[in-house]
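Beneath this line is the structure, given in structure tokens, with notes to follow.
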Amino acid sequence: MKKNHEIWYERGFLLLCGFSVLLPLAILFYFVAQVVMDGFGRLSLQFLLGFPSRFAEQAGVLPGLVGSFYLLLITGLIALPIGVGAAVYLEEYGKRSRLATLIEVNISNLAGVPSVIYGLLGLAVFVRALGMGRSILAGGCTLAFLVLPIVVISTREALRTVPQGFREASAALGATKWQTIRGVVLPEAMPGILTGAILALSRALGETAPLVVVGALTYVTFLPNSLNSPFTALPLQIYNWVSRPQAAFAANAAAGIVVLLILMLAMNMIAVILRGRMQNRR
Amino acid sequence: MNVEQKEPARGGAIETREIVAGFDTREVLHGISMQIQPGQVTALIGPSGCGKSTFLRCLNRMHELVPSAFIRGSVQLDGQEVYDPELDPVFLRRRVGMVFQKPNPFPSMSIRDNVLAGLTLTNRLKASEADLLVERALNQAALWDEVKDRLKSPGMSLSGGQQQRLCIARSLAVDPDVLLMDEPCSALDPIATARVEDLIQSLAGDYTIIIVTHNMQQAARVSSRTAFLLSGELVEFAETNTIFTSPRDQRTEDYITGKFG
Ligand SMILES: Nc1ncnc2c1ncn2[C@@H]1O[C@H](COP(=O)(O)OP(=O)(O)OP(=O)(O)O)[C@@H](O)[C@H]1O
Ligand SMILES: [Mg+2]
């Protein structure tokens with residue numbers, strides 16, 4: 001039988017754990033509720049399809065939405081192939097090479113670098129050195145580098161969950177290493193890779209600081225029409241509205257946040273569903 | 001590839017000479033020499049850890065996939081050196097198939113795709129032959145009647161015994177000469193085991209089969225010759241009847257009568 005004080009220890013510990021779970025949730029819930037209450041009235045089709053305006057009631061979020069969409073597209077097209085390729089190399093080929101170890105350490109470090117630094121990198125490399133200017137392409141490239149470590153790390157994890165037995169079974173059928181990776185390992189790991197990709201993109205969706213550094217605009221009355229186009233993004237638009245003194249713009253900001261939250265929630269839902277599917281199969 | 005009918009006289013003779021193999025500095029096999037006749041079922045018995053799986057994996061060069069593995073000696077398949085540096089193990093493994101202890105159909109593939117996996121993975125599938133191939137391989141594996149109406153469902157939706165027969169069909173579909181089976185029934189219930197044993201007997205003649213088993217009755221039922229391995233040495237290799245009724249070596253007798261192992 002347990003001694004009395006042990007039971008109390010246990011209860012106290014449980015209480016502490018419960019508290020530390022509930023407190024952040026409560027704060028988050030309070031914040032979300034506040035934002036929804038402030039912004040819900042402004043949500044409308046006209047808000048989604050409108051352009052920024054001096055008049056808060058007429059302002060809309062379309063350039064930010066479209067800008068963010070294109071940014072994610074560019075980011076995904078760059079970060080996913082490079083990230084998955086790097087992960088396959090590290091996990092399946094370079095396991096014990098010195099280069100792989102070096103890259104490995106650096107990738108973990110890169111994942112912890114503050115995003116402003118990526119903005120500075122983007123400014124130096126893409127905007128200036130590669131002459132992309134303050135374009136949506138430069139923004140997308142910058143975000144791609146920002147999420148690259150996430151893609152690499154999550155892909156490696158997904159590759160590691162593929163049981164060794166499947167690689168052996170494929171080899172025993174006379175498949176080469178690359179045939180095994182392409183035909184067996186990658187398909188098995190795909191739900192995990194996609195989950196990681198979506199989480200990486202939802203991270204890119206929320207990033208503001210690097211885009212400010214790269215030179216995204218905050219007041220844009222047109223849609224990007226080419227890769228060289230100046231651009232804005234949803235979080236920048238929100239940032240712009242928040243910094244205005246008028247209360248009406250604060251409501252716009254809240255509505256913009258609601259839109260951003262819904263998008264992120266949707267993306268994360270997809271990731272959760274994919275993950276669930278993957279586990280069901282095992 | 002000839003999909004119609006296998007001609008009865010085929011290859012699959014294996015001769016090993018002084019195989020020494022192991023991991024890092026640890027020698028597991030201490031010089032195994034064996035002659036295996038084509039079209040026969042050979043059982044490999046011996047206590048756990050004596051090197052049966054290692055030996056089997058030396059035959060299709062799966063052993064060398066373990067980074068720390070080493071091997072010396074010679075293995076010949078129909079007179080051709082398996083460890084010839086010119087020979088790509090990939091081509092060897094298409095002639096020497098392997099069935100594993102745990103059924104391992106590819107989860108992302110349907111039953112049909114699993115059967116065809118060996119060909120699709122290596123870009124050798126002719127679309128026009130696919131249906132026939134699937135039916136033939138599943139028939140050979142005695143699974144066709146059970147799955148013919150649901151070829152599109154996932155391979156993992158089958159029972160364990162069906163999965164193992166699917167894996168056998170998958171190995172047969174690449175048309176090997178030799179089939180290596182590493183305790184193929186140890187994860188199956190008695191009924192599924194009986195079906196796989198029947199299957200092995202029906203494949204004998206067409207294929208050279210080497211089966212590792214811990215089950216003495218199984219070795220006696222399915223094999224024509226039996227090899228007894230102990231601590232990396234080949235103690236005795238003879239007709240299965242002889243091994244089980246009048247073994248020459250005392251250690252063989254002790255093992256099959258259950259005195260150790
Ligand atoms: N990947 C490996 N790395 C290092 N040692 C290994 C490895 N695989 C097997 N061994 C060692 O080699 C020896 C022989 O193993 P093996 O798997 O061939 O035995 P076995 O006869 O098949 O046993 P079992 O009947 O339990 O399957 C064992 O001592 C084992 O520890
Ligand atoms: Mg074994």
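The values are calculated or read from the model by the stated rules, or taken from the named source; none is laboratory data. Given the structure is predicted, the values throughout are model-derived calculations rather than measurements. Cβ coordinates were reconstructed from backbone atoms using ideal geometry, including for glycine residues, and neighbour counts include every protein chain displayed. Areas reflect the complete protein model, heavy atoms only, side chains present, ligands, DNA and RNA absent. Shrake-Rupley method; radii C 1.70, N 1.55, O 1.52, S 1.80 Å.
Buried surface for the B/A pair, taken as the accessible area of each chain alone minus that of the pair with a 1.4 Å probe, is close to 1800 Å² in total.
Taking all C-alpha pairs of segment B:11-81, those more than 20 Å from each other amount to 26 percent. Taking B:P176, B:P89, B:P184 as the candidate residues, the one with maximal mean-square fluctuation in a Gaussian network model of chain B, Cα springs under 10 Å, is B:P89.
So in the protein assembly as shown, what percent of DSSP beta bridges are antiparallel if you round to the nearest 5? Roughly 60 percent of the beta bridges in the protein assembly as shown run antiparallel, per DSSP.
Backbone phi angles across segment B:32-38, fed through the Karplus curve with coefficients 6.51, -1.76 and 1.60 (θ = phi - 60°), yield HN-Hα couplings of 10, 10, 8, 10, 10, 6, x Hz in residue order; Gly and Pro are listed as x.
For chain A, the mean residue ellipticity at 222 nm estimated from helices alone is -23500 deg cm²/dmol, where every DSSP H run of n ≥ 4 contributes -39500 (n - 2.57) and the total is divided by all residues, rounded to the nearest 500. Note on A:V105/A:V272: beta-carbon distance plugged into 1/(1 + (r/R0)^6) with R0 of 45 Å gives a FRET efficiency of 0.90.
Tell me whether segment A:1-109 comes out rounded, prolate or oblate; compute the Cα gyration tensor, take square roots of the eigenvalues as a ≥ b ≥ c, and use a/c under 1.5 as the rounded threshold. The shape class here is oblate.
As a fraction of the 1.4 Å probe accessible area of segment A:58-280, surface on carbon and sulfur atoms comes out at 69 percent.
The slack in the chain from B:Q76 to B:D254, taken as 0.36 nm per residue of separation less the alpha-carbon distance, amounts to 60.9 nm. Residue ranking by accessible heavy-atom surface, 1.4 Å probe, largest first, among A:S20, B:S110, A:S44 comes out as A:S20, A:S44, B:S110. The residues of segment B:116-133 listed by number as losing at least 40 Å² of accessible area in the complex, against the isolated chain and with a 1.4 Å probe, are B:L121. If eta is 1.567 mPa s and T is 4 °C, what Stokes-Einstein diffusion coefficient results for segment A:67-201, Kirkwood Rh from Cα pairs, in µm²/s? Taking Rh from Cα pairs, D becomes 81 µm²/s.
Spread over its residues, the convex hull of the C-alpha atoms of segment A:145-263 is 132 Å³ per residue. When the scattering of the protein assembly as shown is computed by the Debye formula from its Cα atoms alone, each counted once and equally, what is log10 I(q)/I(0) at q = 0.09, 0.10, 0.11, 0.13 Å⁻¹? The computed values of log10 I(q)/I(0) come out as -0.82, -0.91, -0.99, -1.18. With all pairs of different C-alpha atoms in the average, the Kirkwood value for the hydrodynamic radius of segment B:134-261 is 15.9 Å. Entry for chain A at q = 0.09, 0.14, 0.15 Å⁻¹: log10 I(q)/I(0) = -0.57, -1.06, -1.14, Debye formula applied to identical alpha-carbon scatterers, no solvent contribution. Based on protein heavy atoms only, segment B:14-256 ends up with 40 Å² per residue of surface accessible to a 1.4 Å probe. Residues of chain B were split at every exposed loop site, defined as GluC sites (Glu not before Pro) in a DSSP loop with at most 12 other C-beta atoms within 10 angstrom, and the longest piece left, sites excluded, is B:87-261. Remark on B:G31: its backbone amide H falls under 5 Å from those of B:I19, B:V20, B:A21, a criterion applied only to residues 5 or more positions apart or on other chains, H modelled at 1.01 Å from N.
Protein heavy-atom surface of segment B:49-159, 1.4 angstrom probe: 52% of the accessible area is carbon and sulfur, with nucleic acids and ligands not counted. Rolling a 1.4 Å probe across the protein heavy atoms gives segment A:58-280 an accessible surface of 44 Å² per residue.
Interface residues of segment A:148-197, defined as those losing at least 40 Å² of solvent-accessible heavy-atom surface relative to the isolated chain (probe radius 1.4 Å), are listed as A:F166, A:E168, A:A169, A:A171, A:A172, A:L173, A:G174, A:Q179, A:E188. Largest GNM mean-square fluctuation among B:F55, B:F91, B:F106, using chain B with Cα springs under 10 Å: B:F91. Rounded to the nearest 10 square angstrom, A:Y70 shows an accessible area of 90 square angstrom against a 1.4 Å probe.
Result for chain A in a Gaussian network model with C-alpha springs under 10 Å: among A:I153, A:I181, A:I27, the largest mean-square fluctuation is at A:I27.
Kirkwood radius and radius of gyration were both taken over the C-alpha atoms of chain B, and their ratio Rg/Rh is 0.96. Legend: helices of chain A (whole DSSP H runs) are marked when their alpha-carbon atoms reach 27 angstrom or more along the helix axis and their mean Kyte-Doolittle hydropathy is at least -1.0; marked are A:4-39, A:62-88, A:136-160, A:186-206, A:247-281.
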